[in-house]
1. How many Å² of accessible area per residue for the range 124-179, probe 1.4 Å?
2. Can you pull the percent of the range 26-172's accessible area that's carbon plus sulfur, 1.4 Å probe, other chains left in place?
3. Leaving ligands and nucleic acids out of the surface, order His79, His4, His145 by accessible area at 1.4 Å, largest first.
4. Give me the 1.4 Å probe accessible area per residue for the range 1-47, excluding ligands and nucleic acids, in Å².
5. If I ignore ligands, DNA and RNA and count only protein heavy atoms, how much of Val153 is accessible to a 1.4 Å probe, in Å² to the nearest 10?
6. Rounded to the nearest 10 degrees, what's the angle between the helix 30-41 long axis and the longest principal axis of the chain, both from Cα atoms, 0 to 90?
7. If you take every DSSP beta bridge whose two residues both sit in the range 17-135, what share of them, in percent to the nearest 5, is antiparallel?
8. Rank Tyr131, Tyr73, Tyr46, Tyr91 by accessible area, highest first, at a 1.4 Å probe radius?
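The values are calculated or read from the model by the stated rules, or taken from the named source; none is laboratory data. This is a predicted model, so every value here is computed, not measured. All Cβ positions, glycine included, derive from the backbone under ideal geometry; neighbour counts span all protein chains shown. Note: accessible area is taken over every heavy atom of the protein model, side chains too, but ligands, DNA and RNA are not part of it. Shrake-Rupley method; radii C 1.70, N 1.55, O 1.52, S 1.80 Å.
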Amino acid sequence: MMDHQKIKEGVRLMLEGIGEDVSREGLRETPERIARMCEQIYGGLYEDAGVHLGKQFQATNNNIVIEKDITFYSVCEHHLLPFYGKAHVAYIPDGKVAGLSKLARTVEVFARRPQIQENMTAQIADALEKYLAPKGVMVMIEAEHMCMTMRGVQKPGSKTVTTIVKGVFAEDYSLQQTFLQMVRG
């Protein structure tokens with residue numbers, strides 16, 4: 001699992017590197033707080049989406065299942081700054097469905113890792129495809145990146161949108177349009 005001691009040492013070094021006094025009152029416990037925080041925000045590194053998606057139910061419905069507006073928070077692996085937004089996940093079942101909360105949990109597994117949005121979108125779609133074996137999957141993520149807001153180009157409010165289509169969603173443009181209408185509706 002996580003090495004709290006290394007995290008605390010790294011935080012101390014970073015604070016010293018920017019010219020801070022790590023012994024001042026406001027920073028004395030910061031390395032320990034950051035180490036504990038890492039357990040939460042990077043906990044997806046030690047989780048398997050299959051655990052969540054393994055709980056399935058038989059279903060005769062072969063229509064689109066969509067869980068939209070799943071709020072998530074993640075951390076960009078390039079700058080270790082947050083990106084956050086909404087994930088929209090859809091699949092067309094092939095005889096079995098997952099509990100709706102399992103779709104949100106799957107998003108969380110991949111959001112709680114240092115990474116880029118493009119990979120997170122693909123990881124969610126791949127997990128649904130692998131564990132549910134649906135007829136098709138479509139995932140869209142809309143996120144604001146603090147690395148674009150706080151630093152660099154400094155454009156608050158701009159959003160990055162990524163999508164992945166698999167199976168019948170990739171083959172049938174009208175299914176993609178249905179997904180988009182349902183997400184926007």
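1. Here the residues of the range 124-179 average 50 Å² of exposed surface.
2. On the way: 3730 of 7250 Å².
Exposed carbon and sulfur together represent 52 percent of the surface.
3. Values: His79 80, His4 55, His145 25 Å².
Largest to smallest exposure gives the sequence His79, His4, His145.
4. Details: 3380 Å² over 47 residues.
On a per-residue basis, the range 1-47 sits at 72 Å².
5. About 80 Å², rounded to the nearest 10.
6. Tilt of helix 30-41: around 10 degrees.
7. Numbers: 12 of 14 bridges.
Among the beta bridges of the range 17-135, antiparallel pairing accounts for roughly 85 percent.
8. Working: Tyr131 65, Tyr73 145, Tyr46 105, Tyr91 0 Å².
So the residues, ranked largest to smallest area, are Tyr73, Tyr46, Tyr131, Tyr91.
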